[in-house]
Amino acid sequence: TPWRATVLTLFPEMFPGPLGISLAGRALASGLWSLEARDIRASATDKHRSVDDTPAGGGPGMVLRADVLAAAIDAVDAAAERPRLMMSPRGRPLTQARVAELAAGPGPLIVCGRFEGIDQRVIDGRQLEEVSIGDYVLSGGEIAAMTLIDACVRLLPGVMGKLESGSDESFSDGLLEYPQYTRPQVFEGRPIPDVLLSGDHAKVAAWRLAESEALTEKRRPDLWAARPKAPESGRKRKS
Ligand code: ADE
């Protein structure tokens, strides 16, 4: 069975959204993965179909009810055997390594947060893994869920061509990507670096590694400090 993402949301009409377009959309249409957006409100039990209530202890906003969300989770098929994620700015930051693990598995169930929060007892009781896509706050988890799904889908077998199979890109080697150029040879007075037109593949590779290393050190000191140390650097040693 192909990789499947199940999203629990109060706004199922937001899906597939951008995931129905371009690389992910073509893969979706050709059956390489599937997407199921389920309305949390379908699991409401009272006559007003209410999904939220005021926070215990007082304070502003509304909290998603534990009983309603638990029923929505329990209605998902094989929920207990799949990664159960919840998109939240207080989650562990998403990494390419976690994306690769999720892409290799059966496909996650993803809870999208809204309102001021979700009752902690359903997070604990259903062992939801909270995941953040960065240190900023979105108005809901849906766009964060789309981000996570997109990152997974491009790694699925058959989704990307062999050429761009992910081995030569940022984070696979812990470095940011080197700059790219194409025609025209001069743009607004800026030429393409000579080495790229030299036809010397070893020199091109060395130049690209040096550019990647310099960019990573300057822009992402955190990645630079944690990079896997290769035996040969692309940069000449300082003497
Ligand atoms: N929901 C709101 N903000 C978010 C974030 N930064 N990451 C994941 N889910 C979110």
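The values are calculated or read from the model by the stated rules, or taken from the named source; none is laboratory data. Since this is a predicted model, take the numbers as computed values, not measurements. Note that we place each Cβ from the backbone using ideal geometry, even for glycine, and neighbour counts take in every protein chain shown.
Details
- Subset of the range 182-239 (residues that are modelled with pLDDT of 95 or more, exposed (fewer than 12 other Cβ atoms within 10 Å of the Cβ) and of a type in the set (D, E, K, R)): Arg183, Glu188, Arg190, Asp194, Lys218, Arg219, Asp222
- Filtering the range 80-92 for residues that are under 25 Å from the mean Cα position of the chain (by Cα) and without any contact (Cβ under 8 Å) to a residue 24 or more places away in the chain leaves a non-empty set.
- Residues that are of a type outside the set (S, T, N, Q) and away from the ligand (no atom under 11 Å from the Cβ) within the range 119-138 comprise Asp119, Arg121, Val122, Ile123, Asp124, Gly125, Arg126, Leu128, Glu129, listed in sequence order.
- Residue within the range 172-192 that is within 16 Å of the ligand (Cβ to nearest atom) and closer than 27 Å to Ala24 by Cβ present: no
- Strands (runs of 3 or more DSSP E) within the range 37-151 that include 2 or more residues loosely packed, with under 13 Cβ neighbours inside 10 Å and at pLDDT 95 or above: 84-93
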